[in-house]
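Heads up, the thing below is written out as structure tokens.
The values are calculated or read from the model by the stated rules, or taken from the named source; none is laboratory data. Computed from a predicted model, the values in this text were never measured in an experiment. Using ideal geometry, Cβ is built from the backbone for each residue, glycine included, and neighbour counts are taken over all protein chains shown.
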Amino acid sequence: MKLIILFLLTISHLEAQTKLNTKKEVDILFERNEFSLNKIFDGNTPYIFKLVNNTDYTYIIDPYGFKSDNFVMTIEGNIITPVRIVLNGFYKRFDSQECVDDLIILGPKEKKYVSLSIVNLNGVYDLDKHKKYIIKLHSHHNKYTASLLGCQDYIESLISSKKYKVFDDSIDTTVSLVP
């Protein structure tokens, strides 16, 4: 009986995972079925993603280094226009210690649960709570986007040791969105 329950829990856990990125070296997994518009905008409880390194390399990932162009759509594929545009600010890292504190270092075959800034929306939406929506996630992360907020020298020093690679991948998927 315990074996059956364990098996069912494992299967239900696997079904809830959505792979967000396109390449196979590192997986970015979302372990839920939907995003909530309220949680996206509340700012207090960010979404957590599971990173899985499937290689023997160590990857550098900037959690704020995802350049995004996301939008909300109806289930039929119609893009929803925000009722108000929101301008997002960015911060700059000024020293190596901030880089050490912020950047994610994902070792070979390692798994980590982390917050990533990939579910950004540039507007406020007035959505009907009785209708179904999706969020179209479209972003990319590479050496350029990982160093936009600073850390160029720190990242270069890690890469020059030939033990590190900057995560280079895209996210291009849709996930259900609860108004």
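Things worth noting here:
- Filtered residues of the stretch 120-153 (kept if surrounded by fewer than 13 Cβ atoms within 10 Å (Cβ to Cβ) and of a type in the set (Lys, Arg)): Lys129, Lys131
- Checking each residue in the stretch 158-167 for being surrounded by fewer than 17 Cβ atoms within 10 Å (Cβ to Cβ) and either assigned to a loop (DSSP other than H, G, I, E, B) or of a type in the set (Gly, Ala, Ser) (or both) picks out Ser160, Ser161, Lys162, Lys163.
- Identity of the residue in the stretch 50-75, among the charged types (D, E, K, R) and modelled with pLDDT of 95 or more, that ends up nearest to Gln152 (Cα to Cα): Asp62
- Being under 22 Å from Ile28 (Cβ atoms) and within 16 Å of the chain's Cα centre (by Cα) holds for only one residue in Val178, Val119, and it is Val119.
- Within the stretch 87-116, the set of residues being in contact with a strand residue (DSSP E or B) (Cβ under 9 Å, 6 or more places away or on another chain) and free of Cβ contacts under 8 Å to residues at least 60 places away in the same chain comprises Leu103, Ile104, Ile105, Gly107, Pro108, Lys109, Glu110.
- Residue match in the stretch 95-104 (condition: more than 23 Å from Thr55 (Cα to Cα), of a type in the set (D, E, K, R) and at pLDDT below 90): yes
- From the list Ser176, Ser117, the lone residue that is at pLDDT 95 or above, surrounded by 13 or more Cβ atoms within 10 Å (Cβ to Cβ) and under 30 Å from Ala16 (Cα atoms) is Ser176.
- Screening the stretch 93-122 for residues that are in contact with an Asp or Glu (Cβ under 8 Å, 6 or more places away or on another chain) and part of a loop (DSSP other than H, G, I, E, B) and picking the one that is farthest from Ser157 (Cα to Cα) gives Lys109.
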